[in-house]
1. Which residues, counting only those in region 389-423, are at positive phi and not in a strand (DSSP E or B)?
2. Please verify whether region 34-51 includes one or more residues that are among the β-branched types (V, I, T), modelled with pLDDT under 95 and assigned to a loop (DSSP other than H, G, I, E, B).
3. Could you look through region 25-40, keep only residues that are out of contact with any Gly (no Cβ under 8 Å at 6 or more places or on another chain) and surrounded by fewer than 16 Cβ atoms within 10 Å (Cβ to Cβ), and pick out the one that is farthest from P66 (Cα to Cα)?
4. Among the helices (runs of 4 or more DSSP H) contained in region 276-376, which hold 3 or more residues that are touching a helix residue (DSSP H, G or I) at 6+ places or on another chain (Cβ under 7 Å) and aliphatic (A, V, I, L, M)?
5. With the condition kept exactly as written, say whether any residue in region 512-522 is in a loop (DSSP other than H, G, I, E, B) and either within 19 Å of I616 (Cα to Cα) or out of contact with any helix residue (DSSP H, G or I) (no Cβ under 6 Å at 6 or more places or on another chain) (or both).
6. Quick one: would you say P386 is on the phi < 0 side of the Ramachandran plot, assigned to a loop (DSSP other than H, G, I, E, B) and not β-branched (V, I, T)?
7. So, in region 441-461, how many residues would count as being over 16 Å from G477 (Cβ atoms), of a type outside the set (A, V, I, L, M, F, W, C) and part of a loop (DSSP other than H, G, I, E, B)?
8. Taking the conditions exactly as written (at pLDDT below 90, within 29 Å of the chain's Cα centre (by Cα) and more than 28 Å from L351 (Cβ to Cβ)), does W242 satisfy them or not?
Amino acid sequence: MGQLLDQIDCPADLRALSTGELEELAGEIRAELVATIQGIGGGGHLASNLGVVELTLALHRQFDSPRDRILWDVSHQVYVHKMVTGRRGRMSTIRQYEGLSGFADRRESPHDLFGAGHAGTSVSAATGMAVARDLRGEEHHVIAVIGDGAMTAGMALEGLNHAGHLGTNLIVVLNDNAMSISPNVGALSRNVNKLRIDPHYRRAKQELGGFVEQFPIARQMWQSARRVKASMRDMIVPASFWEQFGFEYYGPIDGHDLGELETTLAAIREVRGKPVLLHVLTEKGHGIPEAAADPVQSHSGTFWLKKPPAPAAPAPPPTYSKVFANAVGELIERDPRVVAVTAAMLEGTGLAATQRRHPERVFDVGIAEQHAVTFAAGLATQGMRPIAAIYSTFLQRGYDSIVHDVVVQNLPVVFALDRAGFVGDDGKTHQGFIDTSYLRCLPNMVVSAPKDEAELRDLLCTAVAHDGPFAVRYPRGAGPGAPADQPMRRIPVGRGELLREGRDAALIGYGASVAECVKAADALAERGVEARVINARFAKPLDEELILAAARETGAVVTAEENVRAGGFGEAVTALLHDHGLGDAFLLNLTMPDAIVDHGPQKVYRKVYDLDGEGIARRTVEALAGRAAPVGERAASLAG
């Protein structure tokens, strides 16, 4: 697309360009970013990448990747990095099945030093790399690029604290655009931009201080003057937050000024004996007016280029996130105890509109899942009914709080786990593959999953009324299309649902797999197999009566779920059958694999791992064919 971009195969090629050519290259990169994301269907991380074009170019000109280690926090802003490190030719595959990852991936390139999809990890990882370098007697640089949104993650502050204590050579680049996906929240975010320390002033002060320290009288005068100067500075500029962590602070500088970026990075490169923090101001969506005007919508795609639907086209079905948010709004309006809590995911969980309607009842705590859970626990102790809406993959980060602060005290906190199961294009760091396992093992915890949109509403209603911790997991995207506007009703906790009678096998689905079990039953019927279908609803407590009856009456039980086998719903059913002497009735558990699943459409991975209707039917027939009693001779005839 661009003449200069065609000349860039590796970071070294950038160093041959003039400043004017770099600015031209930045424009070409932005145009190609928009075209690339539009070419893959308009989805992908756009605004965050538009904001770091100049920063990425400057880093790769001033540092020698991969010898110098450049780490990207969250790493949803690495598209430019990928383009200049030899992967431009594959950018059309980004976030596609078997294509490039939308995040840094150590398998893809030696330039991807650390994989990430969760915020706040870069400083800790970079500190580890810096220490390893020192232990080996090596000389390269380690640079962590972290956004101000990720700085709200407690782990980032823990990493800063340790790095400052160690005093090792480390560079942290704070990419400050006042955004995560939504606008940032919190006192730290409000105060980041108030920090103003001129690097020239600091350098001159250090040089002068080193000189006068050689003379006793001058030393006393200098120390007194320094105290006065600090007092005067603090009257005008807040004391540097970062200096309290032991970092040398530089900035803020314009993150879109290539000259200023390179000059500052070149100077910082020479600092020794102390970690450095460079504060860079950028604009999310920079260079593309439509993206910069709405960085929230443009975070995940080229929304302004999407074709409007045809006038007669039916409205798309609401996503589970939308159904969830609408239900939360209704619960807030009917029950003064209900509040919602999320961790920097107002848009992702659908709660942005609900917060606009009820700003005093919907709380965004920033990228701080552990705090979100304990904050909800505190609310629950005072009679509130908090709903903590956190992606399955992000709730992992608050696990200690779930156990220590909610479960041990048996507090009525509702956990709404969005993106449970196969997640799609975000891939390995976002797959919701273990939440049933890590929640089902906890005493007092109710673990549930709806078969469709209407049942999600009912389970939320049930959860709010329950006097103890209650988890509701649901997948990304739209459901089967059940009505999502009917009155909510309570479901007896631990009660499943018989959807279809059958005498040859029992297909027990949990969550999104229920709809696929129904499809499988239809496919089996064409082969003469009568399959009973059960909507489990609950992984804990199980509907023992319903499941045991199905095992006794069919003698063949198949479970299906989007969670790994270890500790999952299927293992719970297997244990139940064995406890009641019905182990012979077990056929198989169909689950997500014991592997890290990469990015790709949900329907593709359901097919790959036999969790779609066709796969469930085929595996059931195969299992029946391999059975002896109680199915016996009938199994052989069915397989034929």
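1. The answer is N410, R419.
2. Yes.
3. G39
4. Once the helices (runs of 4 or more DSSP H) in region 276-376 are filtered for at least 3 residues that are touching a helix residue (DSSP H, G or I) at 6+ places or on another chain (Cβ under 7 Å) and aliphatic (A, V, I, L, M), what remains is 320-334.
5. The answer is yes, given that some residue of region 512-522 is in a loop (DSSP other than H, G, I, E, B) and either within 19 Å of I616 (Cα to Cα) or out of contact with any helix residue (DSSP H, G or I) (no Cβ under 6 Å at 6 or more places or on another chain) (or both).
6. For P386, the condition - on the phi < 0 side of the Ramachandran plot, assigned to a loop (DSSP other than H, G, I, E, B) and not β-branched (V, I, T) - is not met.
7. 2
8. Yes, satisfied.
The values are calculated or read from the model by the stated rules, or taken from the named source; none is laboratory data. It should be emphasised that the depicted structure is a prediction, and the values quoted were computed from it without experimental measurement. Here the Cβ is made from the backbone with ideal geometry for all residues, glycine too, and neighbour counts use every protein chain on show.
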